[in-house]
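Okay, structure first, notes after.
The values are calculated or read from the model by the stated rules, or taken from the named source; none is laboratory data. All of these numbers come straight from a predicted model, not from anything done at the bench. As a convention, Cβ positions derive from the backbone with ideal geometry for all residues, glycine included, and neighbour counts pool all protein chains shown. When the accessible area is computed, the model is the full protein with side chains, heavy atoms only, and any ligands, DNA or RNA have been set aside. Shrake-Rupley method; radii C 1.70, N 1.55, O 1.52, S 1.80 Å.
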Amino acid sequence: MIFRAQGIFPCSLGHGIRQYFLRTIASQTSGKTSPAAVLLGDSVKVDGVTYPTDSLTNISPRVLSKVGQNLHREHGNPLYLIRKRIENYFYKNFVNRRGNPIFSIYDNISPVVTLEQNFDSLLVPEAHVSRAPSESYYINSDYMLRAHTSAHQRDLIRSGLNAFLVIGDVYRRDAIDATHYPVFHQVEGVRLFSQNEQLFTKVRDSTNLSIFETEGKRMPDKQEDHSMEAAKLLEHSLKNTLMGLALHLFGRDTEARWVDAYFPFTHPSWELEIKHQGEWLEVLGCGVVEQKILQSAGIQDQVGWAFGLGLERLAMKLYSIPDIRLFWSKDSGFLSQFDVSDPDTPIRYKPISVYPQCINDISFWLPASTDTAFCVNDFYELVRNIGGDLVEQVYLIDEFFHPKKQRASHCYRIVYRHLERTLTQEEVNVIHAKIEEEAKRLFRVEVR
C-alpha cells in the first residue's frame, strides 16, 4: 500500500538527470550481466524481458542492481525472520474446516509492473504525488518498478484468490538517512468475504442482513455500496486480525491504538500504532477495499479488507538495527546474528564495529532561470548514484534567499560512512568532488 500524502507533482524528471543515468548505465555496465537485470544505454533487461528506455526512464544502475536479490527470501537475513513470523501467524490462526491455511503466499513476483497496475488499478488520482518521476522509478512510459506490493492486488483477486499475502521488494525515490533506502520490502494482505458463508457466519440471525445496499451514501465509516452491518463486521475482522499480528510480533502487553487515515484504494482506512520503547510507532496501514477495485477484478458478490506493512521498519525496531543499509550487508558478523532456526528467537543486534563518519557540506546557488527547476529528490538520487552505500545521510542544513541577487541558496550536509572499514577523508573528497561537478552540470547550480 502507498503511504504518501496526496498532492501535486513536486517536479518532473529533468532531461539532464535522465541522460546522466543512461550514460552511467552504458559506462558502468557494458558487458556486465546479472541473473536478474542487465542495463544498456537504450534498454533495460529485467528477468529476461527487455524494455526500451524513453523520456521517462529514471532508473539508476545502483537501484536496478538490487532487483532479484530478494532479501526477504534469504535465510539469515532479519527480513526473512520477520516475514516467517508474519507467515506463521496467518498460517496458525486462519484455517479452513479441514485445518488447512486459508491464506496463500506469493513472495517471488517480478517487481516490474505497468503504470496501470501500480496506480490506476488502485484508483490513485492522476495528480497524486506518488506518480511524479521524482517519487517513483520508471523503466519507461509504460513500465516501472513497483512502488508497493498492492500493484498485484487486482490481478490476484481476478485469478480467483480471496485470501493472500504478497511479499516483495518495492522501489521509491526518497530521502537519504538511516531509515530510508530506495529499495525496501513490503507485505500486502487481502481477505474477501461473501455474504452468508463468511461475513455473517457468527451473526445469530442474518436472514434480513445484506452486505450491499442500493442508493446508499458514502459516510466516514462506510462506502456507498456497503450496508452498515457489513462495514462494521469488516472493520471488526480487520482490526482483530491486525491487532493480533502486532501483539504476536511485539508481545501480548504491547499498548496499541488505531488512527484514522486516508488511502485512495480503501475506505474507511486506518493506521495501527504501537508504543515501543516509550514512543508511538506506525506499524501498518489498512482499510476496507474500495468496491470499485473488486468490481474491476470481476468480483460482484464479495467485500474485503487489505493491509500493507514494511518489513525493514519492523525489523529495525524489533532487533534494534540502527541503519537500514545493514540489511544489504554480506558481512558474516551481521548475518550470523540472525541465522537461527526458530524465527521467534529473541535477538538484539550487536554492532560488529563502529567506524567514524566523514562529513562534507555542499553549498550552491539554485538556477536563476525559471526554465530549470531544481528538485531535491533528483539531487538525492545523484548523490546516491555517485556515493552509493558510502553515503549514510544527506540533509538540508541551510537555505536563504539573497534579496539583491534575487537567487536562492541551499546548503546540504553529506555524511559518509563505510559499514565495514574506516573511510579516509581523501577518499571522501574524491567522491564529493564528483558530486559537485555533476550537480553543476546537470542542475546548473553554482557551487559556492
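Which value, in debye to the nearest 20, describes the size of the charge dipole of the chain about its Cα centre when Lys and Arg Cβ atoms bear +1, Asp and Glu Cβ atoms bear -1, and nothing else is charged?
On the way: 50 positive and 55 negative charges, 101 e Å.
Magnitude of the dipole: close to 480 debye.
Quick check on the chain: helices-only [θ] at 222 nm, where DSSP H runs of length 4 and up contribute -39,500 (n - 2.57) each and the sum goes over total residues. Nearest 500, please. All intermediate terms of the calculation are to be shown ahead of the outcome.
Values: 11 runs with 118 residues, N = 448.
Counting only the DSSP helices, I get -8000 deg cm²/dmol.
Remind me, what semi-axes does segment 81-174 give for its equivalent ellipsoid, largest first in whole Å, using sqrt of 5 times each Cα gyration tensor eigenvalue? The partial results should precede the final answer.
On the way: eigenvalues 176, 43, 22 Å².
So the three semi-axes of segment 81-174 are 30, 15, 10 Å.
Would you please give the residues with an amide H less than 5 Å from that of S104, counting only those at least 5 places away or on a separate chain, with H modeled from the backbone geometry?
A163, F164, L165
Leaving out ligands, DNA and RNA but keeping every protein chain, what accessible area does K434 have, in Å² rounded to the nearest 10, with a 1.4 Å probe?
Its heavy atoms expose roughly 120 Å² to the probe.
Sort 54-62, 147-155, 221-229, 91-99 by packing, meaning the average of other beta carbons within 10 Å per residue, with the highest value first. It would help to have the intermediate numbers written out before the result.
Values: 54-62: 20.3, 147-155: 24.7, 221-229: 18.2, 91-99: 10.1.
So the peptides 54-62, 147-155, 221-229, 91-99, ranked by packing, come out 147-155, 54-62, 221-229, 91-99.
What label, among (i) 134; (ii) 244; (iii) 171, belongs to volume of the Cα convex hull per residue in Å³ computed from the structure on display?
Structure-derived value, by its label: (iii).
Using the alpha-carbon centroid of each, what span in Å lies between segment 349-400 and segment 235-262?
Here the answer is 37 Å between Cα centres.
Given H placed on each backbone N at 1.01 Å, which residues far from S227 in sequence or on other chains put an amide H within less than 5 Å of it?
Amide H to amide H, under 5 Å and 5 or more residues apart or across chains, S227 pairs with F212, E213.
If r is the Cβ-Cβ distance from K92 to R413 and R0 is 56 Å, what FRET efficiency results, to the nearest 0.05? Please list the in-between numbers first.
Details: r = 47 Å, r/R0 = 0.84.
Once the sixth-power term is evaluated, E becomes 0.75.
Apply the Karplus curve 6.51 cos²θ - 1.76 cosθ + 1.60, θ = phi - 60°, to the phi angles in segment 387-394 and return the couplings in whole Hz, x for Gly and Pro.
Result, rounded to whole Hz: x, x, 7, 6, 8, 8, 7, 9.
Output wanted: per-residue J couplings in Hz (rounded whole) for segment 220-233, from phi through Karplus 6.51 cos²θ - 1.76 cosθ + 1.60, θ = phi - 60°, x for Gly and Pro.
x, 10, 6, 8, 5, 7, 9, 6, 4, 4, 5, 4, 5, 5
Let's test the formula: R0 of 25 Å, r as the Cβ-Cβ distance of D42 and D155. What FRET efficiency results, to the nearest 0.05? Each step should come with its number before you reach the end.
Numbers: r = 29 Å, r/R0 = 1.17.
It comes to 0.30.
In nanometres, what is the gap between the two model label sites at R421 and D174, each 7 Å from Cα along Cα-to-Cβ?
Result: 3.0 nm between the two label points.
In what order, largest first, do T214, T201, T345, T266 sit by accessible area if the probe radius is 1.4 Å?
Details: T214 125, T201 85, T345 45, T266 5 Å².
Sorted descending by solvent-accessible area, the residues read T214, T201, T345, T266.
Quick check: Cα centre of segment 309-348 to Cα centre of segment 60-107, how many Å?
15
Check Y51: other-chain or 5+ apart residues with amide H under 5 Å from its amide H, H built from backbone geometry?
Residues meeting the amide H criterion: V44, K45, V46.
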